[in-house]
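Worksheet: one structure, shown below.
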Amino acid sequence: MPQTLLVVVLALGAALCIAIGTVVRQRTAAEVPVEDNGVLGPIAALVRQPIWWVGTVVGIAGYALQAVALGLGSLLLVQPLLVLSLLFALPLGARFAHRTISLGEWLWAAALTASVAILVVVGDPKPGMERAEARHWVVICLIGIPFVAACVVAAHRSTGARKALLLGFAGGALFGVAAVLTKGVVHLVSRGVVPLVTSVELYALIGVAVCAITLQQSAFQAGALQASLPATTVMEPVVASALGFLVLGEYLAADRRVSAVLVVAVMAMIAATVALARSSAGDESPIPVSP
């Protein structure tokens, strides 16, 4: 099997697992009352829910497939394919909500599939470096930490949709950074145990992942999934792909004459992602907010 095809298969498998895990964790988080929040938000209550662990294990399996895909392919190839998790989540969410999928949702699903296919086939993403250099991480931290901190501070001063949106932006951005760290960690695994356990990337990945998951669950529980899910779903591939291009030197090997087609495909992918994420979020029951 050609390596690019293998990467596509792995990424699609990851997208399916992510879809299942996300739907399960969303529904579980939606049932946690706000007054049950602890210092870490809803996580303390969620870890006592067996069904949340089912969703988490499936999500971890998806992350493992994503890691293998990133070890073989570029962020510009893998991350757009992961957006298709929304495509898989569409029938799952509809089934749990006991409703039929609308024509509009099918059209958005078709638009998402077509736009991702164009980016993968026409764009022809090519890999760059396996790991970001230290100077790159300094710049990423100088920009990323204030952005995430500002989102979190503003979220704690907000309620409802605005709070969910801000937490979704912060969580999605961290998931994008985690994808870049994952690619570096996978590369270090191939070099042996010592380079791995002595690397900064491994521990940075653990820290970033914990923060991202905590923010994501807080966003899910904030009471406005139609705001948080699109924010998280769009931010992750945008941040990861941007870092892949700017930091790792990845690029699209497409002819310049089709640049306009690729721009339209990116815009269509973002629009379809937002539409399907809002639809998926609409399947969730509203969360009672404490006065």
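The values are calculated or read from the model by the stated rules, or taken from the named source; none is laboratory data. Here the structure is a predicted model, which is why all the values come from computation and not from measurement. Every residue, glycine among them, receives a Cβ derived from its backbone with ideal geometry; neighbour counts consider all protein chains shown.
Every condition in (1) more than 25 Å from ILE143 (Cα to Cα); (2) of a type in the set (Asp, Glu); (3) modelled with pLDDT of 90 or more holds for ASP255 except the one numbered (3). Among the residues of region 82-126, those identified as closer than 25 Å to SER241 by Cβ and of a type in the set (Val, Ile, Thr) are VAL83, THR113, VAL116, ILE118, VAL120, VAL121, VAL122. Considered as a group, the residues in region 88-111 that are part of a loop (DSSP other than H, G, I, E, B) and aliphatic (A, V, I, L, M) include one that is modelled with the highest pLDDT, and that residue is ILE101.
Within region 208-249, being small (Gly, Ala, Ser) and within 26 Å of TRP137 (Cβ to Cβ) holds for ALA209, ALA212, SER218, ALA219, ALA231, ALA240, SER241, ALA242, GLY244, GLY249.
Across region 133-156, the qualifying residues are those that are over 18 Å from ALA242 (Cβ atoms) and of a type outside the set (Val, Ile, Thr), and the one among them that is surrounded by the most Cβ atoms within 10 Å (Cβ to Cβ) is ALA155. Kindly indicate whether any position in region 196-207 is free of Cβ contacts under 8 Å to residues at least 24 places away in the same chain, among the aromatic types (Phe, Trp, Tyr) and over 23 Å from ARG278 (Cβ atoms). Within region 196-207, one or more residues are free of Cβ contacts under 8 Å to residues at least 24 places away in the same chain, among the aromatic types (Phe, Trp, Tyr) and over 23 Å from ARG278 (Cβ atoms).
Scanning region 209-224 for residues being buried (at least 23 other Cβ atoms within 10 Å of the Cβ), hydrophobic (A, V, I, L, M, F, W, C) and part of a helix (DSSP H, G or I) gives a total of 3.
For ALA240, the requirement of being surrounded by 24 or more Cβ atoms within 10 Å (Cβ to Cβ), among the aliphatic types (A, V, I, L, M) and within 21 Å of ALA64 (Cα to Cα) is met.
Just so you know, in region 96-132 the residues that are among the polar types (S, T, N, Q) and closer than 19 Å to PRO230 by Cβ include one that is surrounded by the fewest Cβ atoms within 10 Å (Cβ to Cβ), and it is SER102.
Working only within region 136-172, note down all residues that are at positive phi and in contact with a Phe, Trp or Tyr (Cβ under 6 Å, 6 or more places away or on another chain). Lay out the reasoning, then the answer.
Step one: of region 136-172, the residues at positive phi are 160.
If the condition is that a residue be at positive phi and in contact with a Phe, Trp or Tyr (Cβ under 6 Å, 6 or more places away or on another chain), then no residue fits.
In region 35-54 there is at least one residue that is at pLDDT 80 or above, over 18 Å from SER280 (Cα atoms), in contact with a helix residue (DSSP H, G or I) (Cβ under 9 Å, 6 or more places away or on another chain) and loosely packed, with under 14 Cβ neighbours inside 10 Å. Restricting attention to region 1-15, which residues are assigned to a helix (DSSP H, G or I) and more than 13 Å from the chain's Cα centre (by Cα)? Scanning region 1-15 gives GLN3, THR4, LEU5, LEU6, VAL7, VAL8, VAL9, LEU10, LEU12, GLY13.
For LEU174, the requirement of being modelled with pLDDT under 95, within 24 Å of GLY62 (Cα to Cα), of a type outside the set (S, T, N, Q) and not in a loop (DSSP other than H, G, I, E, B) is not met. Of everything listed in (1) aliphatic (A, V, I, L, M); (2) closer than 23 Å to MET269 by Cβ; (3) at pLDDT 90 or above, the single unmet condition for VAL194 is (2). Looking across region 70-86, the residues that are over 8 Å from ALA19 (Cβ atoms) and part of a helix (DSSP H, G or I) come down to LEU70, GLY71, LEU72, LEU75, LEU76, LEU77, VAL78, GLN79, PRO80, LEU81, LEU82. When VAL210 is tested against (1) free of Cβ contacts under 8 Å to residues at least 60 places away in the same chain; (2) under 13 Å from the mean Cα position of the chain (by Cα), exactly one condition is not met: (2). Of the residues making up region 167-214, just one is aromatic (Phe, Trp, Tyr) and farther than 21 Å from VAL83 by Cα, namely TYR203.
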